[in-house]
Each structure stands twice: as C-alpha cells, then as structure tokens.
Amino acid sequence: MQLGRTLKRHRLGRTRVVTTWLVLVAYGAGSVLLQLVWKNQFYFSDLLNAVFPITRNIFPLATAYIIAMATFPRVNELSEVNRRFLGKVLVGMFLV
C-alpha cells in the first residue's frame, strides 16, 4: 500500500520505467564485471541475471516497483468499482 501512495504522488511515464530498468541492468552488469575482475570467474547465468533482472526476478522489490510504475497509470484511470474488483482478483490470485 505504501508503494501505491508513493506512486500516486509522482507523475509516472515510460521514461522513468525504462530508466529504472536500465539502472538495474547497469547494477547487474557492474556486479558481473567485479566478479570477473576480482574472482576471475564468469558464469553465464550471472550475465543473464544482469541483462534480464525482471524476468529472472533477481531484485523482487525493484521488479515490483517497475511493474507498478508501468501499470499504475492505467489502473488509476479505472472507475472505483473496477479498481475494487481488480484488487479482489489480485488478492484471490495470491491466496490460491
């Protein structure tokens, strides 16, 4: 709920979503490079984790933040009844 309150205060756009995703990719690529330089080891799975942080769910909170930034403007345009229904569906999905 705190994430929703925070996102409601900020104007969200595709640029911010892409920028946040690129920051995650840069962070992951930096960690792969540090591992290569200091430990002299390279794993392809680490590279995939760095390039695809959302699909591999490496940073769960950051993934939730990016998905929320991408979907919040559309959810905010829904009527109150539809938003409540969407909330019930999501809660039901996570309880099953």
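The values are calculated or read from the model by the stated rules, or taken from the named source; none is laboratory data. Note that the coordinates shown come from a computational prediction; the quantities given were computed from them, not determined experimentally. Cβ placement follows ideal geometry from the backbone for every residue including glycine, while neighbour counts extend to all protein chains displayed. Areas reflect the complete protein model, heavy atoms only, side chains present, ligands, DNA and RNA absent. Shrake-Rupley method; radii C 1.70, N 1.55, O 1.52, S 1.80 Å.
Among the DSSP helices (H) of the chain, those spanning at least 27 angstrom by Cα along their long axis with an average Kyte-Doolittle hydropathy of 1.0 or more are 14-34; this is a geometric and hydropathy rule only. Remark: C-alpha extents of the stretch 29-96 on the principal axes read 56, 27, 14 Å, sorted largest to smallest. With a Förster radius of 25 Å, plug the Cβ-Cβ distance of Val51 and Arg74 into 1/(1 + (r/R0)^6) and report the FRET value to the nearest 0.05. So, using R0 = 25 Å, E works out to roughly 0.40.
These residues, Val96, Val51, Val81, Val17, go from largest to smallest accessible area, 1.4 Å probe, as Val96, Val81, Val51, Val17. When shorter helices are ignored and each DSSP H run of at least 4 residues is given -39500 (n - 2.57), the per-residue value for the chain at 222 nm works out to -24000 deg cm²/dmol.
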